[in-house]
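The values are calculated or read from the model by the stated rules, or taken from the named source; none is laboratory data. Here the structure is a predicted model, which is why all the values come from computation and not from measurement. A quick note on method: Cβ atoms are made from the backbone with ideal geometry, for glycine too, and the neighbour counts reach across all protein chains shown.
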Amino acid sequence: MNLSGRVVLVTGGSRGIGEAIVRHLASLGAHVHATYYTSQDRALAIEEELRLSNLVVRFYQLDVRNSSACTEFVEKVLHEEQSVDGLINNAGITRDALLLRMSEQDWDDVILTNLRSVFSMTKAVLKPMLTQRRGRIINISSVVGVTGNAGQANYAAAKAGVIAFTKSVARELSSRNILVNCIAPGFIETEMTGKLSPQQRENLLATIPLGRVGTGSDIATIVAFLLSEEASYITGQTIAVDGGMVMLP
């Protein structure tokens, strides 16, 4: 797949799945404009490493909970580039707790970061994409948004909202050749999953038919496909990348 010259925005691009997406898209020739929230040193190290390989990557500090800041980020990119061809809504956090112990702050933080940011960033790129009459928006949800999970009512609600949002916006934008799709990762090896106990990890592996955890690269390759011309007849879909853990109808 050749994404040479495509301008792609990636939120939460300095670690985990987001970092894998940034690296893979840049390797395919995309101009990647990625965001981080607190991990500045890590983001700048990735940027410098990829630039030494003559890849086009730039990181920006962004609080995706702030709608005005999301709009300003897109405007900054458009000041440097001629278009915005793709948006990857990846930024996300967890604040796990059983509902009885979950605070309103735990709920609000996850909903704002994982769901409202998708609304804010998508709205921010609509004007240039509508003018271009083309664009790709890819939202990173989770299989938990389909199955639910004890101790993750906030996270599951946000990720389910991302799936429903994807379907609705895909219907609104299809006539303008703006394709909107969703990826639902399963158990992916990240810093978040690294906090699981050995017993929790063993229990999760038992639910995966392929018998292994996924990697950021497993997600990044699907993102690249959905950005490519080969995916020009796909919109409004949720693709589970989970080793068979949840087989969507």
Q) Out of the range 131-151, which residues are among the charged types (D, E, K, R) and either surrounded by fewer than 22 Cβ atoms within 10 Å (Cβ to Cβ) or in a loop (DSSP other than H, G, I, E, B) (or both)? A) 133, 134
Q: Looking for whichever is acidic (Asp, Glu), more than 22 Å from residue 180 (Cα to Cα) and either surrounded by 23 or more Cβ atoms within 10 Å (Cβ to Cβ) or at pLDDT 95 or above (or both) here; the options are 19, 75, 81, 49. Which one fits?
A: 49
Q. What are the residues in the range 25-46 that are closer than 20 Å to residue 216 by Cβ and surrounded by fewer than 21 Cβ atoms within 10 Å (Cβ to Cβ), if any?
A. 27, 28, 29, 37, 38, 39, 41, 42, 44, 45
Q: Kindly establish whether residue 216 is over 26 Å from residue 26 (Cβ atoms), surrounded by 19 or more Cβ atoms within 10 Å (Cβ to Cβ) and touching a helix residue (DSSP H, G or I) at 6+ places or on another chain (Cβ under 8 Å).
A: no
**Q.** Count of the range 202-249 residues which are more than 29 Å from residue 3 (Cα to Cα) and in a helix (DSSP H, G or I)
**A.** 4
**Q.** Checking residue 235 against (1) of a type in the set (Val, Ile, Thr); (2) surrounded by fewer than 16 Cβ atoms within 10 Å (Cβ to Cβ); (3) touching a Ser or Thr at 6+ places or on another chain (Cβ under 7 Å), the condition it does not meet
**A.** (2)
(Q) Return the residues of the range 174-197 that are without any contact (Cβ under 8 Å) to a residue 40 or more places away in the chain and aliphatic (A, V, I, L, M); say none if nothing qualifies. (A) 196
Q: Tell me which residues, restricted to the range 47-74, are under 27 Å from residue 228 (Cβ atoms), assigned to a helix (DSSP H, G or I), free of Cβ contacts under 8 Å to residues at least 12 places away in the same chain and not hydrophobic (A, V, I, L, M, F, W, C).
A: 49, 51
Q. How about the range 190-211: which of its residues are modelled with pLDDT of 90 or more and surrounded by 11 or more Cβ atoms within 10 Å (Cβ to Cβ)?
A. 205, 207, 208, 210
